[in-house]
Each structure stands twice: as C-alpha cells, then as structure tokens.
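These notes are about the structure you will find just below.
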Amino acid sequence: MKNPLDTLGGTLVSGLILTVVLYFLARAMMGA
Amino acid sequence: MSMDFIQYGLGRWLHIYFGVLWIGLLYYFNFVQVDALKAAAADNPPTGAGITKHVAPRALFFFRWAAVLTVLMGLMMLGDKVDDALFFKDRAYVPIGIGAWLGLIMFFNVWVLIWPNQKKILGIVAATDEEKAKARRIAFLASRTNTMLSLPMLFFMSFSATFHRSLLG
C-alpha cells in the first residue's frame, strides 16, 4: 500500500479523517 | 498594563502571529517547494540550486524559530491551566489540550526530525549521498506529518473557546 503522505492530496485527506476521529474522541472525553 | 492583557491579549495575538508564520512556511514547503524542487531537478541542467541555496535556509530559519515562539506564547496563555489542558484534568480544557498536544508533536518534528535532517540535505553539516537520501525521506515524511496534523490542530485551536459550550451547554 502506498503511503498517503507521499501525495499532498493523501496528506490532506488523512488530516481530515484524523480531525473527525479526534472530534469524536474529544466529545467522548468530555462526556457529551 | 494588566497581566490579563499581557497573557490573553498580547499572548493570543502573538500566538496567532507566530503560528501563521510557522504554518504558512510549512504550507509553502508542502504546497510549493517540494514539487518545485522536483520540477527543477528534472530540468537539464537542474535549476534548483537557487532554491536550496538562497530560499530554503531562510525559510527554515523563520520556520523553526516561529515554532518556538508559537509554543511559548501558547504556554503563556495556558498559564497555570497548562496541566488541566495537557493532562485533560478539566473537561472544558479537553479541546485545547488536544490542540496543544498536536502543536507539541509538530514542534518536536520541527526540531528533532526536520531541522537536523535539513542541515544534512542543505550541506550545513557534512553527509554522504546515502545519508542525504535517508535524511531527505525523514524530513519529507515529518513535514508531511505536520501538514496532516495541522488540520486537527487548527480545528481544536480555533474551536476550543466554544467547543465545550456547544457540546455541554
């Protein structure tokens, strides 16, 4: 599998996915 | 001038100012310079020498010191709440805590992975061709990792002030 960080598009998509994951993690940590 | 004004007024202003300088240069490297150097290397003869000699060292100077000042201003703003944020002790500080951790990981990448390897790539310290190739890959991936982390970092930095209110009322 190609490393998504090798392309700018893959890097930005990875960042967006990480943002969504961390958003739900933050919600859970805050008891929302 | 009150301490509040220094901590939250000047502190926030300078945190954002140096953050723009840091992340702006990070985006310059990732959105512009990587592909420009690739295209310059494909020219006959190669035309990237000016970028590596005159542009990259200057950009890296402001990049790494802007990172230091951004982190220092951020820590100054957190003040005595720094442990609440970094150790998630208070749920209201969870969003800024996540943003701060992402910023600290990015700061680590700048000073421990990107800058020492860029010194080898740019010839500031001696390195063999093999060491340069390895350094290029490490610096590239660390820089791309920071570009990836900048998305959630900016989300949590910009949204942290209202995050808990929007979720918890």
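What single numbered condition from (1) away from chain A (no Cβ under 14 Å); (2) exposed (fewer than 14 other Cβ atoms within 10 Å of the Cβ); (3) under 30 Å from residue B:73 (Cβ atoms) fails to hold for residue B:59? With respect to (1) away from chain A (no Cβ under 14 Å); (2) exposed (fewer than 14 other Cβ atoms within 10 Å of the Cβ); (3) under 30 Å from residue B:73 (Cβ atoms), residue B:59 is out only on (2).
So which of B:89, B:53, B:81 is of a type in the set (Lys, Arg), exposed (fewer than 15 other Cβ atoms within 10 Å of the Cβ) and more than 14 Å from every other protein chain (Cβ to nearest Cβ)? Spell out how you get there, then give the answer.
Values: B:89 fails: more than 14 Å from every other protein chain (Cβ to nearest Cβ); B:81 fails: exposed (fewer than 15 other Cβ atoms within 10 Å of the Cβ).
On inspection, the qualifying residue turns out to be B:53.
As a summary of the residue check, residue B:94 satisfies the conditions (1) over 20 Å from the mean Cα position of the chain (by Cα); (2) under 24 Å from residue B:21 (Cα atoms) except for the one numbered (2).
Looking across segment B:39-50, the residues that are within 24 Å of residue B:25 (Cβ to Cβ) and either surrounded by 14 or more Cβ atoms within 10 Å (Cβ to Cβ) or of a type in the set (D, E, K, R) (or both) come down to B:40, B:47, B:48. Of everything listed in (1) surrounded by fewer than 19 Cβ atoms within 10 Å (Cβ to Cβ); (2) of a type in the set (Val, Ile, Thr); (3) in a helix (DSSP H, G or I), the single unmet condition for residue B:125 is (3).
With respect to residue B:107, determine if the residue is part of a helix (DSSP H, G or I), surrounded by 20 or more Cβ atoms within 10 Å (Cβ to Cβ) and in contact with a helix residue (DSSP H, G or I) (Cβ under 7 Å, 6 or more places away or on another chain).
Values: part of a helix (DSSP H, G or I): yes; surrounded by 20 or more Cβ atoms within 10 Å (Cβ to Cβ): no; in contact with a helix residue (DSSP H, G or I) (Cβ under 7 Å, 6 or more places away or on another chain): yes.
Considered against the rule, which asks whether it is part of a helix (DSSP H, G or I), surrounded by 20 or more Cβ atoms within 10 Å (Cβ to Cβ) and in contact with a helix residue (DSSP H, G or I) (Cβ under 7 Å, 6 or more places away or on another chain), residue B:107 comes out as no.
Tell me yes or no: at least one residue of segment B:23-34 is surrounded by fewer than 18 Cβ atoms within 10 Å (Cβ to Cβ), touching a residue at least 40 places away in the same chain (Cβ under 8 Å) and assigned to a helix (DSSP H, G or I). Talk me through it step by step, then tell me what you get.
Looking only at segment B:23-34, we keep the residues that are surrounded by fewer than 18 Cβ atoms within 10 Å (Cβ to Cβ), and these are B:24, B:27-28, B:31-32, B:34.
So of that shortlist, the ones also touching a residue at least 40 places away in the same chain (Cβ under 8 Å) come out as B:27, B:34.
When the remaining residues are screened for being assigned to a helix (DSSP H, G or I), the result is B:27, B:34.
There is at least one residue in segment B:23-34 that is surrounded by fewer than 18 Cβ atoms within 10 Å (Cβ to Cβ), touching a residue at least 40 places away in the same chain (Cβ under 8 Å) and assigned to a helix (DSSP H, G or I).
Scanning segment B:30-60 for residues that are of a type in the set (A, V, I, L, M, F, W, C) and touching a Leu at 6+ places or on another chain (Cβ under 9 Å) yields B:31, B:34, B:51, B:56, B:59, B:60. What number of residues within segment B:136-151 are buried (at least 21 other Cβ atoms within 10 Å of the Cβ) and farther than 18 Å from residue B:24 by Cα? Final tally of qualifying residues: 0. The requirement of being within 23 Å of residue B:110 (Cα to Cα), at pLDDT 95 or above and surrounded by 12 or more Cβ atoms within 10 Å (Cβ to Cβ) is fulfilled somewhere in segment B:3-11, by at least one residue. Among the numbered conditions (1) within 14 Å of chain A (Cβ to nearest Cβ); (2) within 24 Å of residue A:15 (Cα to Cα); (3) not in a loop (DSSP other than H, G, I, E, B), the only one that residue B:165 does not meet is (2). Residues in segment B:111-140 that are within 14 Å of chain A (Cβ to nearest Cβ) and either free of Cβ contacts under 8 Å to residues at least 12 places away in the same chain or in contact with a Phe, Trp or Tyr (Cβ under 9 Å, 6 or more places away or on another chain) (or both): B:114, B:137, B:139.
The values are calculated or read from the model by the stated rules, or taken from the named source; none is laboratory data. Here the structure is a predicted model, which means the values were calculated and not measured. We place every Cβ from the backbone using ideal geometry, glycine too, and count neighbours over all the protein chains shown.
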